[in-house]
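The values are calculated or read from the model by the stated rules, or taken from the named source; none is laboratory data. Bear in mind that the values here come from a model prediction, so they are computed numbers and not experimental data. Heads up, the Cβs are rebuilt from the backbone with ideal geometry, glycines too, and the neighbour counts pull from every protein chain shown. Remember, those area values only see protein heavy atoms, side chains included, never the ligands or the DNA or RNA. Shrake-Rupley method; radii C 1.70, N 1.55, O 1.52, S 1.80 Å.
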Amino acid sequence: MKRRQLLTGLGAGTLFSGASLSARAQTQQRFNWRLVTTWPPNFPIFQETVRRFADDVKRMSGGRLNIQAFAGGELVPALQTFDAVSQGTVEMGHGAAYYWAGKIPAAQFFTAVPFGMNAQGMNAWLYSGGGLELWREVYAPHGLVPFPMGNTGVQMAGWFRKRIESLADLKGLKMRIPGLGGKVIARAGVNPVLLAGSEIYTALERGTVDAAEWVGPFHDLRLGLYRAARHYYYPGWQEPGPVMEMIINKRAWESLPEDLQRIVETAAQASNVLMLAEFETRNIEALETLKTRYKVEVLALPTDVIAELRRLTQLTLEEEAKSDPIFKKVWEHQRAFMQTNDAWGRISEIAYARTRA
Ligand code: CA
């Protein structure tokens with residue numbers, strides 16, 4: 001190895017000018033970066049995506065960019081990921097933009113909002129419709145460069161201890177449901193409760209909450225939620241295609257040579273596709289297990305409940321937009337895209353899906 005490096009070095013010295021030499025020295029520079037995540041240790045699919053991303057980058061860069069990944073709490077607490085990357089304590093982070101809604105309410109549009117777009121629509125908006133540029137603009141004051149990196153696909157509406165047959169059945173329920181979904185369903189008379197993933201099972205089992213949404217069949221099965229509630233409702237109106245984010249400290253990003261930047265960007269795009277593929281496959285298998293082995297009742301939310309939640313979503317977003325011009329700007333941008341995306345979808349994806357249903 002040493003001999004080969006020496007020979008390469010000699011070759012460079014004899015063949016290239018001084019300017020090329022310094023460029024070459026730059027391209028040989030090694031970077032050791034740390035990536036913190038909001039995910040618990042060994043949280044399946046999420047942590048696997050992050051590990052594979054780090055491995056891809058290392059191999060594609062010939063070991064010039066080494067990324068060491070940490071689970072939430074290992075290096076910094078999960079929900080300090082944003083601050084740790086923003087302040088440059090670490091170079092990178094992986095999580096979901098809606099976790100930062102307390103700092104940047106508009107960040108929610110870059111993950112998911114109720115009755116927003118699915119994964120395909122979000123990818124179209126972010127990569128081709130100006131969404132990512134807008135996301136970078138919103139994060140710039142925080143010294144962060146965001147990238148889409150993963151998607152869960154449409155989630156489930158959640159587990160309910162009792163059947164939901166009308167809007168009246170929602171009134172007074174306590175439900176684990178975070179974010180905007182929680183704000184919307186509160187208007188329908190539900191008391192939204194915030195619980196970490198690890199607390200959901202016990203709360204539902206003991207009846208501290210009457211209902212809970214988590215992710216989808218694969219993660220919900222692992223958490224054993226079918227033992228605490230028997231009715232599993234769809235669709236996940238509250239999170240139709242949540243985008244996971246990778247954030248990079250802006251100064252760290254700018255210190256990377258262009259080829260390494262391209263490697264990071266391309267590896268993130270690949271991870272974005274692969275995570276969704278994993279979710280689609282594992283959710284199908286898990287749903288089958290829930291239905292056949294555990295006899296879970298898989299039910300659609302009644303149409304009048306969906307219609308009302310949709311109406312309440314509109315009111316909630318309008319109210320949020322009134323008090324925050326950035327929220328308003330991002331919402332208007334996304335909404336305009338979504339309207340054209342829906343119009344196209346009606347004669348493409350939706351029309352086609354009907355031919356198969
Ligand atoms: Ca969820």
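Here are the numbers:
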| read-out | value |
| --- | --- |
| Subset of the range 137-153 [out of contact with any Ser or Thr (no Cβ under 7 Å at 6 or more places or on another chain) and open to solvent by 20 Å² or more (accessible area, probe 1.4 Å)] | Glu137, Ala140, Pro141 |
| Any hit, the range 150-159, residues being of a type in the set (Phe, Trp, Tyr), within 12 Å of the ligand (Cβ to nearest atom) and within 19 Å of Pro114 (Cβ to Cβ) | yes |
| Tyr234 aromatic (Phe, Trp, Tyr), more than 13 Å from the ligand (Cβ to nearest atom) and closer than 23 Å to Lys162 by Cβ | no |
| Search result, residues across the range 315-354 that are open to solvent by 100 Å² or more (accessible area, probe 1.4 Å) and of a type in the set (Val, Ile, Thr) | Ile347 |
| Condition met for Thr281 (open to solvent by 60 Å² or more (accessible area, probe 1.4 Å), away from the ligand (no atom under 14 Å from the Cβ) and hydroxyl-bearing (Ser, Thr, Tyr)) | yes |
| Qualifying residue in the range 301-309 (condition: touching a helix residue (DSSP H, G or I) at 6+ places or on another chain (Cβ under 7 Å) and either at pLDDT below 95 or within 16 Å of the ligand (Cβ to nearest atom) (or both)) | yes |
| Top-ranked residue of the range 305-314 - restricted to ones that are among the charged types (D, E, K, R) and open to solvent by 60 Å² or more (accessible area, probe 1.4 Å), ranked as farthest from Gly116 (Cα to Cα) | Arg311 |
| Failed condition for Leu126, given (1) open to solvent by less than 40 Å² (accessible area, probe 1.4 Å); (2) away from the ligand (no atom under 16 Å from the Cβ); (3) part of a loop (DSSP other than H, G, I, E, B); (4) touching a strand residue (DSSP E or B) at 6+ places or on another chain (Cβ under 8 Å) | (3) |
| Top-ranked residue of the range 178-208 - restricted to ones that are within 16 Å of the ligand (Cβ to nearest atom) and touching a Gly at 6+ places or on another chain (Cβ under 7 Å), ranked as nearest to Trp100 (Cα to Cα) | Pro192 |
| Qualifying position, being under 28 Å from Val57 (Cα atoms) and not assigned by TED's automatic domain parsing to the domain that holds Ala124, among His231, His219 | His219 |
| Residues of the range 255-273 satisfying the condition of being farther than 26 Å from Ala101 by Cα and surrounded by fewer than 20 Cβ atoms within 10 Å (Cβ to Cβ) | Ser255, Pro257, Glu258, Asp259, Leu260, Gln261, Arg262, Thr266, Ala270 |
